[in-house]
Amino acid sequence: MSYELSAEHEAFRRSVREFAEAEIAPHAAEWDRKHHFPSDVVQKMGALGLMGLTAPEEYGGAGLTGEEGAFTSLCLAIEEIGRVDQSMGITLEAAVGLGINPILTFGTDEQKQTWLPDLVAGRTLAGFGLTEPGAGSDAGATKTRAELVDGEWVVNGAKQFITNSGSDITSVVTVTARTGAGSTDGAGRERPEISTIIVPLGTPGFTAEPAYDKLGWHASDTHPLTFTDVRVPETNLLGERGRGFAQFLATLDDGRVAIAALAVGCIQACLDMSLQYAGERTTFGVPIGSKQGVAFQIADLDVMLQASRLLTYKAAALKDAGRPMKEFKQAAAVAKLYATESAVTATRIATQVFGGYGFMEEYPVARFYRDAKVLEIGEGTSEVQRMLIARGRGLPVE
């Protein structure tokens, strides 16, 4: 397979970059400082077609196929938005990968017609309620429950760290919950029956608690959620009952590549900023870029960028080509692990290149430094990726 981008992809990249530099870059620092979620700009991303890159035309999407590189196009968009602002990058990633994708992949025709047109157009957002206070990497430990009573699902529980779940344009959250006793595996461990339920915002008993005060991603909308006797129709079951675990695993596979693309945008920003600063800043009468101590670190940034980008594009190309799921899952874990850990290292290097100025919030490297760390955590920690990679090589690691 070739992972070289087509002329159409390169033209698309340029158009997204122009949008990002005009509509997002001038305001990113202020949004970060004020912890402001710019709903109007998110809707502009939708109007540009970024939310609908992987959706069919019947729901307002671009109608791109795998052969045309639909998923690769999404990764390019996330990379370019993330290059100027990681908060808006994760907003786009979560809007498509965690909001639209589960409904598009597992929803009924009625569910798709109800929710997708507005989500695809970017008029509204959807959240994906998976993580709980005691169930992060161990998602099978979900405590939220949904009981079927008189034709309605009654949902009780709590979720945390849910992106796009409480903004003024959020319309719905898909929630994983225990819907039955399940079974035990060969080792005697419980495997609960987990299903996914569609819960519209505004449903009585469903509360998006106050937004988190986060280390980074200040302009991203992230909330804990609580469900107290929340009632929704039986038809709000997403996909088959008891298939929630498999559904969110498939959702996270795509998301890992998208997070890798966000990390690539971060590394690109670090390289761009470091190159410019190293050429302008002088010490002892010469630019600091002439010093090996600085130049070699920037060379390392270039290597990390190229390697991360190729791993990400490879994984996206495998998805677009419909290659076997085992092959794609392995590539997704490799790309996510390497690109996100490289992004964290890249922000450290860039901050060091800037010296004392890199520690000041007036320079964007400080924002990227804060934003990068969560890339190693969200949609599967680095430890989970290493476990998946090892299992993919036949090791029975737990």
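The values are calculated or read from the model by the stated rules, or taken from the named source; none is laboratory data. This one's a predicted model, so the numbers in the text were calculated from it and none came from an experiment. Every residue, glycine among them, receives a Cβ derived from its backbone with ideal geometry; neighbour counts consider all protein chains shown.
List of remarks:
- Checked across region 356-367, the condition of being under 29 Å from G66 (Cα atoms) and surrounded by fewer than 23 Cβ atoms within 10 Å (Cβ to Cβ) holds for no residue.
- Any pair with Cβ under 6 angstrom, 6 or more apart, that starts in region 142-155 at a residue that is modelled with pLDDT of 95 or more and ends at one that is surrounded by fewer than 14 Cβ atoms within 10 Å (Cβ to Cβ) and not in a strand (DSSP E or B): G151/E234
- Residue identified as surrounded by fewer than 24 Cβ atoms within 10 Å (Cβ to Cβ), at pLDDT 95 or above and of a type outside the set (A, V, I, L, M) among S342, S382: S382
- Residues in region 177-201 that are buried (at least 18 other Cβ atoms within 10 Å of the Cβ) and either over 14 Å from P224 (Cα atoms) or at pLDDT below 95 (or both): 10 in all.
- Odd one out for F161 among (1) crowded, with 19+ Cβ neighbours inside 10 Å; (2) touching a Gly at 6+ places or on another chain (Cβ under 7 Å): (2)
- Candidates S183, S171, filtered to the one that is of a type outside the set (F, W, Y), free of Cβ contacts under 8 Å to residues at least 24 places away in the same chain and assigned to a strand (DSSP E or B): S183
- Taking the criterion of being surrounded by fewer than 20 Cβ atoms within 10 Å (Cβ to Cβ) and touching a residue at least 40 places away in the same chain (Cβ under 8 Å), the only residue of region 327-337 that qualifies is Q330.
- Restricting attention to region 290-306, the residues being crowded, with 16+ Cβ neighbours inside 10 Å and more than 17 Å from Q276 (Cα to Cα) number 1.
- Residues that are among the acidic types (D, E), outside any loop (DSSP other than H, G, I, E, B) and farther than 22 Å from A25 by Cβ do not occur anywhere in region 280-291.
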